[in-house]
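The values are calculated or read from the model by the stated rules, or taken from the named source; none is laboratory data. As the structure is a computational prediction, the values presented were derived from the model and not from experiment. Every residue, glycine as well, gets a Cβ built from its backbone with ideal geometry; the counts of neighbours run over all protein chains shown. Calculation scope for accessible area: heavy atoms of the full protein, side chains included, ligands and nucleic acids excluded. Shrake-Rupley method; radii C 1.70, N 1.55, O 1.52, S 1.80 Å.
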Amino acid sequence: TLRGLQRHQFGFSHFLVIDSFLALVLTGMPIKFHDQPWARVFFDAIGGPSVASSVHRFGAIITLSYFVIHIASLIHRVRQRREAYVGQNGKVSLRRFAGFVFGPDSPMPRLQDAKDLVGHMKWFFGRGPKPKFDRFTYWEKFDYIAVFWGVTVIGLSGLVLWFPAFFTVVLPGWSINLAHLIHTDEALLAAGFIFVFHFFNSHFRPDKFPLDPVMFSGRVTEEEMRHKHPAQYERL
């Protein structure tokens, strides 16, 4: 079925994200800290800095691949759900389109996420009830948007470092140094966030350990939906 294909595409894309991210971090951090003893040990173990650079660029190609796949899937979904925002006259309703893009089934941020964040903070300190989250929580949406930001910023700066002779035809020489700072520091920030916050929320919590299979199957149990996404459960 179409839903089955969408779940397979979701799982395959997440598989590419995992592989490319780990490859980029494992090779990128030693390159960034190449003057450290542990980095030299790593290079000796895999065959040298040139091997690390090749693996790093291959990881970048995989990253671009899953990014293109996801953008194509979004375009397909928008075209597939035309009835949600196109009226009987065949014209696009901006109000209905905004509802489609920022509705409860969309990973795009909306006003309710800000209310959920405030309510969640109050609940942490015993000042109110726990919010009823819908299909996507505010922190899951942050993870989602962060990938777009990271792929764009790290990807573009990485291209400048990969092809410096090409880009310095139109850019000043100092742009290479700027790209290096942006690329390595943003990558370090992304790695720290993923290995601390994302891994804990998605895999290391007692109810998830050792991993959450939804990242490959696209499915959750009814019990989990009632517990994690009560607003979505009630809406369905």
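General remarks:
- Residue that is modelled with pLDDT under 95, of a type in the set (D, E, K, R), part of a helix (DSSP H, G or I) and within 23 Å of the chain's Cα centre (by Cα), where the choices are R57, R77, R95: R77
- Residues within region 156-180 that are more than 22 Å from A52 (Cβ to Cβ), of a type in the set (G, A, S) and either open to solvent by 50 Å² or more (accessible area, probe 1.4 Å) or in contact with a Lys or Arg (Cβ under 6 Å, 6 or more places away or on another chain) (or both), tallied: 1
- For V86: the one exception among (1) at pLDDT below 90; (2) surrounded by fewer than 14 Cβ atoms within 10 Å (Cβ to Cβ): (2)
- Subset of region 103-112 that is touching a residue at least 12 places away in the same chain (Cβ under 8 Å) and assigned to a loop (DSSP other than H, G, I, E, B) - its residue that is least open to solvent (accessible area, probe 1.4 Å): S106
- Boolean, A187 is touching a residue at least 24 places away in the same chain (Cβ under 8 Å) and surrounded by 12 or more Cβ atoms within 10 Å (Cβ to Cβ): yes
- Of L16, L26, L22, all but one fail to be within 17 Å of the chain's Cα centre (by Cα), surrounded by 14 or more Cβ atoms within 10 Å (Cβ to Cβ) and closer than 24 Å to A190 by Cα; the exception is L16.
- Residues within region 52-64 that are open to solvent by 50 Å² or more (accessible area, probe 1.4 Å) and in contact (Cβ under 8 Å) with a residue 12 or more places away in the chain, tallied: 4
Residue by residue, here is whether (1) out of contact with any strand residue (DSSP E or B) (no Cβ under 7 Å at 6 or more places or on another chain); (2) surrounded by 13 or more Cβ atoms within 10 Å (Cβ to Cβ); (3) without any contact (Cβ under 8 Å) to a residue 24 or more places away in the chain holds:
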| site | (1), (2), (3) |
| --- | --- |
| I154 | yes, yes, no |
| I182 | yes, yes, no |
| S202 | yes, yes, yes |
| P210 | yes, no, yes |
| F216 | yes, yes, no |
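- Out of F133, F142, F100, sole residue that is surrounded by 15 or more Cβ atoms within 10 Å (Cβ to Cβ), out of contact with any strand residue (DSSP E or B) (no Cβ under 7 Å at 6 or more places or on another chain) and assigned to a loop (DSSP other than H, G, I, E, B): F133
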